[in-house]
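The values are calculated or read from the model by the stated rules, or taken from the named source; none is laboratory data. Since the structure is predicted, the reported quantities are computational estimates derived from the model, not experimental observations. Glycine also receives a Cβ, built like all others from the backbone with ideal geometry; neighbour counts cover every protein chain displayed.
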């Protein structure tokens, strides 16, 4: 389906939801431009522009092309028909800050010093000596602009590094993805030449929207609990932001020479399937760690790319699409798979871990199974009662209700965890204002009760 058809669907999608969207409670929430102190880069890039969209809490099985209902995400459903998408990408962390840090750096959260064992709020930031995608592009003459609507991915936590222009949500309430896209174009339109643009959208992250008309509509779809229906409202808003972004690129005549990369940081539990839990930060189950990675651009070969990949592969792949190389990190440049339409992702395993809110858990994924183990003091507590150590079939038993032993994989899991800890980076604490702390808390980034509410 061609871009003109996608634009028509964009208009239809917005017309169908216009009345509801007009009364969205966060429609007019402000974005704050954060001074970067950076001027234009020394040189001028000659490669294609790149736009990286990071959707927070986007479950891969709830959106096309891997799953989901086209009524929820009509734009993404048509976008997927023209995109190359990776069929099996595992995130390295189940919560925002370490997960997005891995996406934009190609480095593990542990190596960035972002993992924090024990109770208390995690205020660790990306260290200034870490090189992010924006810095790599800027060094090669790209103009850079970024917007974030998630309070855990802000300048205070190091995510604005390398951006000539940066804007982020400024108050506790959500900022609509469509407003964030408009701000991104406001920033980018003042930057001539090839650009690297990055936008972090939190429409599908809790707190979920309360919009009765759309909730009632999505309750009619399969697997539609109240939580799932409200979550799908967030997915619809994310989809509308993508549609606005796509139309904006077309209106500016830059779509034909721009790579558009759409990824997610992690999924969401939503108590579906049963046994998964409602949140995400403590869980390493497939609905949480299986993520979206789709690419549209010049001469892309639309297809599902097979094989196992890691979210650590996103940064080198984005660089590779622009003809750049990155051999410093643990990720693979998978851009040749996108360009040629040949081959599969090469990994046999992917390691993930979480130290969210008193837990210390790790998992190792293969194409068919995942093994997980709890190394922390949560063993025996109520949330841990839903955390089954052992190995489970990813498709047949995603909640790991029937764990089995696999001594070889379990040994490899422990070995990879120890290797990561041995190479851990020094932690850097962010200066967190009371306002930012309130925004972080409003998004559910807090320890709640031990029954597993919150993350």
How many residues of the stretch 277-289 are surrounded by fewer than 24 Cβ atoms within 10 Å (Cβ to Cβ) and at pLDDT 95 or above? The answer is 1
Of the residues in the stretch 176-215 that are at pLDDT 85 or above and exposed (fewer than 15 other Cβ atoms within 10 Å of the Cβ), the one that is nearest to residue 48 (Cα to Cα) is 193
Determine whether residue 160 is touching a strand residue (DSSP E or B) at 6+ places or on another chain (Cβ under 7 Å) and in contact (Cβ under 8 Å) with a residue 40 or more places away in the chain.
yes
May I ask you to list pairs of residues, at least six apart or on different chains, whose Cβ atoms are under 9 Å apart, with the first in the stretch 340-355 being in contact (Cβ under 8 Å) with a residue 40 or more places away in the chain and at positive phi and the second being surrounded by fewer than 22 Cβ atoms within 10 Å (Cβ to Cβ) and in a strand (DSSP E or B)?
341/303
Determine which single condition residue 331 fails, assuming it passes every other condition in (1) surrounded by 17 or more Cβ atoms within 10 Å (Cβ to Cβ); (2) over 26 Å from residue 287 (Cβ atoms); (3) out of contact with any strand residue (DSSP E or B) (no Cβ under 6 Å at 6 or more places or on another chain).
(2)
Meets criteria (closer than 21 Å to residue 134 by Cβ and buried (at least 24 other Cβ atoms within 10 Å of the Cβ)) for residue 242:
yes
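Check 333, 313 and return the single one that is within 21 Å of the chain's Cα centre (by Cα), assigned to a loop (DSSP other than H, G, I, E, B) and modelled with pLDDT of 95 or more.
Testing whether each residue is within 21 Å of the chain's Cα centre (by Cα), assigned to a loop (DSSP other than H, G, I, E, B) and modelled with pLDDT of 95 or more leaves just 333.
Only one residue in 269, 275 is in a loop (DSSP other than H, G, I, E, B), over 30 Å from residue 182 (Cβ atoms) and without any contact (Cβ under 8 Å) to a residue 40 or more places away in the chain. Which one?
One residue alone meets the criteria, 269.
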Output the residues belonging to the stretch 334-363 that are more than 19 Å from residue 265 (Cα to Cα) and surrounded by fewer than 19 Cβ atoms within 10 Å (Cβ to Cβ).
336, 339, 340, 341, 342, 343, 344, 346, 348, 358
Could you figure out which of (1) outside any loop (DSSP other than H, G, I, E, B); (2) touching a residue at least 12 places away in the same chain (Cβ under 8 Å) isn't true of residue 367?
(1)
Being over 17 Å from the mean Cα position of the chain (by Cα), surrounded by fewer than 24 Cβ atoms within 10 Å (Cβ to Cβ) and not in a loop (DSSP other than H, G, I, E, B) is the filter here, so list the residues in the stretch 52-77 that pass it.
74, 77
Residue in the stretch 218-231 that is nearest to residue 71 (Cα to Cα), counting only those that are out of contact with any helix residue (DSSP H, G or I) (no Cβ under 8 Å at 6 or more places or on another chain) and either surrounded by 13 or more Cβ atoms within 10 Å (Cβ to Cβ) or in contact (Cβ under 8 Å) with a residue 40 or more places away in the chain (or both)
222
